[in-house]
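J.: Take a look at this one; I'll ask things after.
The values are calculated or read from the model by the stated rules, or taken from the named source; none is laboratory data. In this text the structure is predicted, and so the values were computed from the model without any measurement. Every residue, glycine among them, receives a Cβ derived from its backbone with ideal geometry; neighbour counts consider all protein chains shown.
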Amino acid sequence: MKKKPVIVTIVIVAAAAILIGGGIYLYPHLVERTVSQVVDNDMTDVIKIEMQNGNNGNTIELTDKESIDEITALLKDVKVRKCFNQWDSSAGWSLRITMATDKDEEIDLSVGQAVNGERYEYDDSMDMSKTIDYIKDKYGLNDVPLY
């Protein structure tokens, strides 16, 4: 007769463990965070940015503070949510941005698809394609390469 409370306690503990474990897994998929929160860097220490247009291979490297500040300001507060589909995020991107910090850390964005190699969904409330087009146009990444 005394086994019922033990069984009930085991069931409650197991259910709580499943809910807590599921919550830990689901949290990054359900909660939007900014790019700077995801990479745990406010991007004020970025000293170099390399950008590559995935459509034509054009690459540019920026080291001047004004350009770096503009790019980081455009991207650091963009809200993202981890994507359940973790297919290879290197395929299909149209703008890759790699930022180097003064602490030899790298922040890698495949804009619109990944943050540091993990697939993320970018916030729908902003038109990321306009930001990508602006960056490509301003820095000449849309120019046809001379072979």
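J.: Hand me the list of strands (runs of 3 or more DSSP E) wholly inside the range 59-147 holding 2 or more residues that are touching an Asp or Glu at 6+ places or on another chain (Cβ under 9 Å) and modelled with pLDDT of 85 or more.
T.: Answer list for the range 59-147: 59-62, 79-82, 95-101.
J.: Which ones in the range 1-44 are under 16 Å from ASN116 (Cα atoms), at pLDDT 85 or above and surrounded by 10 or more Cβ atoms within 10 Å (Cβ to Cβ)?
T.: Across the range 1-44, the qualifying residues are ARG33, THR34, VAL35, SER36, GLN37, VAL38, VAL39, ASN41, ASP42, MET43.
J.: Output yes when any residue across the range 63-80 is crowded, with 17+ Cβ neighbours inside 10 Å and over 20 Å from SER129 (Cα atoms), and no when none is.
T.: Scanning the range 63-80 turns up no residue that is crowded, with 17+ Cβ neighbours inside 10 Å and over 20 Å from SER129 (Cα atoms).
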